[in-house]
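One structure is given below, encoded as structure tokens.
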Amino acid sequence: MSNIGKAFAAGKAFIPFITCGDPDLKTTEATVRKMVENGADLIELGIPFSDPTAEGPVIQGANVRALRGGVRTDHIFEMVRSLRKDVAIPMVFMTYANVVFSYGAEKFIAACHKSGIDGLILPDIPFEEKDEFLPICHRYGVDLISMIAPTSEDRISMIAKEAEGFLYIVSSLGVTGTRSDITTDLESIIKVVRENTNIPCAVGFGISTPEQAKKMAGLSDGAIVGSAIIKLLDAHGTDAPERIGDYVKSMKNAIRE
Amino acid sequence: MSRGRFGIHGGQYIPETLMNAVIELEKAYNHYKEDPEFKRELGKLFNEYAGRPSRLYYADKMTRDLGGAKIYLKREDLNHTGAHKINNVLGQALLAKKMGKTRLIAETGAGQHGVATATAAALMDMECVVFMGEEDTIRQALNVYRMRLLGAEVIPVRTGTATLKDAVSEAMREWTSRIRDTHYCLGSVMGPHPFPTIVRDFQAVISREIREQILEKEGRLPDAVLACVGGGSNAIGSFYHFIKDEAVRLIGCEAAGRGVDTLETAATIATGRLGIFHGMKSYFCQDSDGQIAPVYSISAGLDYPGIGPEHAYLHDIGRAEYVPVTDEEAVRAFEYLARTEGIIPAIESAHAVAYALKLAPNMNSDQVIVITVSGRGDKDCAAIARYRGEDIHE
């Protein structure tokens with residue numbers, strides 16, 4: 001079992017997402033610590049990208065604020081090293097292929113390993129392109145997380161068979177962002193996933209309320225929440241880490257079996 | 001290595017949500033491109049509706065004025081809707097219709113691709129939504145009106161630099177949210193496979209005609225073919241049937257904006273480096289962290305931080321040359337062609353004309369160059385007037 005597996009070992013996992021450097025890395029670091037204190041099982045750290053094509057307006061806004069604040073990839077690695085002094089739960093990066101490619105894939109993935117990043121989520125690297133980074137990820141023991149979408153259909157088994165870390169199940173069509181209703185037949189998708197792999201799967205995109213998180217984690221092994229957290233961050237300024245901590249606690253309580 | 005590669009470039013770097021859509025598109029395209037009925041229908045649209053073949057015009061005054069190579073202009077500006085964009089759009093719209101799609105979405109920079117898509121949608125009874133950078137809706141207000149007149153919805157994109165790259169990003173986002181009834185009618189030889197191949201094949205009609213026409217007029221192939229390059233669709237269309245003829249120089253003219261030594265440039269080959277963006281591996285203008293650069297050109301249609309993967313490959317193997325042309329040079333060429341030949345080219349196409357002004361005088365009178373005039377310049381008149389300090393209202 002990879003380190004990521006530990007996040008799912010004690011029951012349903014709650015996976016919060018935060019964009020690094022929005023509005024600055026000090027806030028990111030403080031928020032991550034509050035998330036951990038309040039029951040987060042795995043942290044998804046977004047490295048901002050100028051043109052995040054899989055994101056809705058909320059996370060796009062976080063990317064803009066972070067880049068405007070001057071955050072660089074190297075600063076984010078430094079922050080991770082600092083977090084790793086006391087944060088033991090798995091942490092993964094979510095970013096776009098060009099951020100990794102441009103830094104130098106080998107150099108980037110080696111730095112992930114060294115600073116304590118357990119996995120990579122790259123929404124613009126589908127199954128067909130994963131060889132771009134996979135051999136290097138294997139060399140450094142960093143899991144390349146695969147995604148399954150409502151449109152994956154006949155591709156689900158192929159993706160699930162080769163998945164590592166955990167499987168990211170995209171709940172709905174479209175980009176990230178909160179939704180009042182998730183109508184995809186996730187049960188059928190997850191059934192095919194289970195037939196093809198033992199690694200855990202978590203549902204993301206559109207989840208914001210404890211009820212939704214409970215339902216999604218009930219169908220799978222965990223719930224991923226991004227935009228709802230970014231909204232709190234944007235609304236509460238310096239109080240945000242505390243408020244996000246409370247939110248994480250309510251979400252974790254909702255999905256606890 | 002995945003499908004759709006040109007050397008190391010190309011590929012399918014897109015969200016999983018879109019993978020089955022591009023696979024379905026590739027299957028449909030491979031089927032219909034060989035289908036006699038599809039070819040007959042598209043040929044009819046090209047000839048009867050778009051006005052093909054477009055003229056290969058001998059620019060006698062320009063040739064005499066420059067005193068070097070004989071200059072021919074491939075008049076894509078004379079196509080219906082005023083640019084080469086219609087070639088690709090008629091092909092994709094017909095394909096989408098055959099696939100049972102009822103809605104077309106598109107990005108547009110200068111507005112020419114948006115107008116062409118809105119036109120095809122009107123003709124084929126399809127719904128149409130066009131994404132256009134807000135900055136470009138201001139620079140190209142006339143085209144916004146044309147699209148709306150044709151029944152399309154135009155959505156101004158306010159994210160990022162509010163130009164072409166942001167319009168592409170927004171169209172990709174829209175496609176992930178609505179795939180079943182919607183075809184993304186991509187306007188250039190870029191994006192994920194199979195788009196660079198499909199768009200090239202539909203635009204290759206340009207070089208097929210140039211070849212026939214120049215053989216008829218001159219009894220020989222040209223020494224050089226020049227075209228402007230943003231994503232690169234009119235350029236690849238102009239080059240394609242000459243790629244195997246090594247003696248024909250293929251010259252792509254990039255938008256250098258205020259110069260390749262400034263940050264206000266969109267010359268990808270001159271200033272970019274290898275990256276992965278908008279579904280493809282290719283060259284992109286970017287910073288050292290891989291953040292895509294906010295590029296600039298006076299020409300909304302060339303104001304894009306990347307270049308199509310086949311061009312990146314032709315550059316790598318040295319088969320095509322890519323040269324930067326500044327705003328000032330393009331504006332001078334825009335004015336020059338208007339005064340010399342009575343032809344007002346699109347400011348995009350004026351970049352190719354500008355390089356010809358440098359190249360032709362250094363060639364012999366028995367040599368021949370072809371410049372693709374990819375579009376007409378009516379849409380640019382107000383902006384060029386402003387560039388020259390004259391405030392006119394459209």
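What follows draws every value from the coordinates through simple rules; no lab data is involved. Note that the structure is a prediction, hence the values are computed from the model and not measured. In this analysis, Cβ positions are derived from the backbone assuming ideal geometry, glycine residues included, and neighbour counts consider all displayed protein chains.
Where does the Debye-calculated log10 I(q)/I(0) of the range B:1-124 sit at q = 0.11, 0.23 Å⁻¹, using only Cα point scatterers of equal weight, no solvent?
Debye intensities relative to I(0), on a log10 scale: -0.54, -1.31.
Compute the angle between helix B:347-359 and the longest alpha-carbon principal axis of chain B, please, reported from 0 to 90 degrees and rounded to the nearest 10.
Between helix and principal axis, roughly 30 degrees.
At 1.306 mPa s and 10 °C, plugging the Kirkwood radius over alpha-carbon pairs of the range A:60-99 into Stokes-Einstein gives what diffusion coefficient in µm²/s?
Estimated diffusion coefficient is 136 µm²/s.
Which whole number of Å³ per residue matches the convex hull of the alpha-carbon atoms in the range A:89-157?
For the range A:89-157, the hull spanned by Cα atoms encloses 95 Å³ per residue.
Could you run the Karplus curve 6.51 cos²θ - 1.76 cosθ + 1.60 with θ = phi - 60° over the range B:292-307 and give me ³J(HN,Hα) per residue in whole Hz, x for Gly and Pro?
With coefficients 6.51, -1.76 and 1.60, one gets 5, 6, x, 6, 9, 8, 4, 8, 4, x, 10, 7, 9, x, x, 9 Hz.
Filter the trypsin sites (Lys or Arg not before Pro) in the range B:338-388 down to the DSSP loop ones having no more than 15 other Cβ atoms within 10 Å, then list what survives.
Here the trypsin sites (Lys or Arg not before Pro) that fit, given the DSSP loop and packing criteria, are B:388.
Give me the count of lysine pairs in the range A:1-154 whose alpha carbons sit under 17 angstrom apart, restricted to pairs 8 or more positions apart or on different chains.
4
Would you mind estimating how fast chain B diffuses translationally, via Stokes-Einstein at 4 °C and 1.567 mPa s with the Kirkwood radius over Cα pairs, in µm²/s?
The diffusion coefficient I find is 63 µm²/s.
For the range A:1-135, state the semi-axes of the equivalent ellipsoid (square roots of 5 times the eigenvalues of the alpha-carbon gyration tensor), sorted largest first and rounded to whole angstrom.
Calculated on Cα positions only, the semi-axes equal 21, 19, 15 Å.
Which translational diffusion coefficient, to the nearest whole µm²/s, is obtained for the range B:89-149 from the Stokes-Einstein equation, given a Kirkwood hydrodynamic radius over C-alpha pairs, 4 °C and 1.567 mPa s?
Taking Rh from Cα pairs, D becomes 113 µm²/s.
Let me check against my output: what whole-number percent is the relative contact order of chain B, with C-alpha pairs under 8 Å and at least 6 apart?
For chain B, the relative contact order is 20 percent.
Mind putting a number on the dipole of the range B:45-139 about its Cα centre? Charges go on the C-beta only, +1 for Lys and Arg and -1 for Asp and Glu, and I need it in Debye to the nearest 20.
460
Would you grab the residues whose amide H sits under 5 Å from the one on residue A:19? Only those 5+ places off in sequence or on another chain, please, with H modelled 1.01 Å from N.
When sequence neighbours closer than 5 places are left aside, the close amide H contacts are A:46.
What residues qualify as long-range amide H neighbours of residue B:277, i.e. H under 5 Å apart, gap of 5 or more or another chain, H built at 1.01 Å from N?
Placed amide hydrogens put B:282 under 5 Å from residue B:277.
Diagonalise the Cα gyration tensor of the range B:334-385 and give the resulting equivalent ellipsoid semi-axes, square root of 5 times each eigenvalue, largest first, whole Å.
Equivalent ellipsoid of the range B:334-385: 23, 10, 9 Å, largest first.
Going 7 Å from the Cα of residue B:386 toward and past its Cβ, which residues in the range B:287-303 have a backbone nitrogen under 14 Å from where you end up?
Residues passing the 14 Å test: B:297-301.
Mind pulling the angle between the C-alpha long axis of helix B:164-177 and the longest principal axis of chain B? Nearest 10 degrees, somewhere in 0 to 90.
The angle comes out near 20 degrees.
Relative to the compact-globule scaling 2.2 N^0.38 Å, provide the ratio for the alpha-carbon radius of gyration of chain A.
Normalised Rg, Cα atoms only: 0.91.
Taking the Cα-to-Cβ direction at residue B:124 and at residue A:181 and moving 7 Å from each Cα, how far apart do the two end points lie in nm?
The modelled label-to-label distance comes out at 3.2 nm.
With θ set to phi - 60° and the Karplus curve 6.51 cos²θ - 1.76 cosθ + 1.60, what are the ³J(HN,Hα) couplings of the range B:221-237 in order, to the nearest whole Hz, using x for Gly and Pro?
Values per residue, Gly and Pro as x: 7, x, 7, 8, 10, 10, 8, 7, 10, x, x, x, 6, 6, 5, 5, x Hz.
Shielding of A:46-59 by partners, i.e. mean partner chain Cβ atoms within 10 Å per residue?
For this peptide, the per-residue mean of nearby foreign Cβ atoms is 5.
What number, in percent, do you get for the relative contact order of the range B:1-102 if the mean sequence gap of Cα pairs under 8 Å and at least 6 apart is divided by its residue count?
The normalised contact order for the range B:1-102 reaches 20 percent.
What Kirkwood Rh does the protein assembly as shown have if only Cα atoms enter the pairwise 1/r average? Answer in Å.
The answer is 25.6 Å.
In the range B:162-254, which trypsin sites (Lys or Arg not before Pro) are in a loop and have at most 10 other Cβ atoms within 10 Å, using DSSP for the loop call?
Passing sites in the range B:162-254 are B:244.
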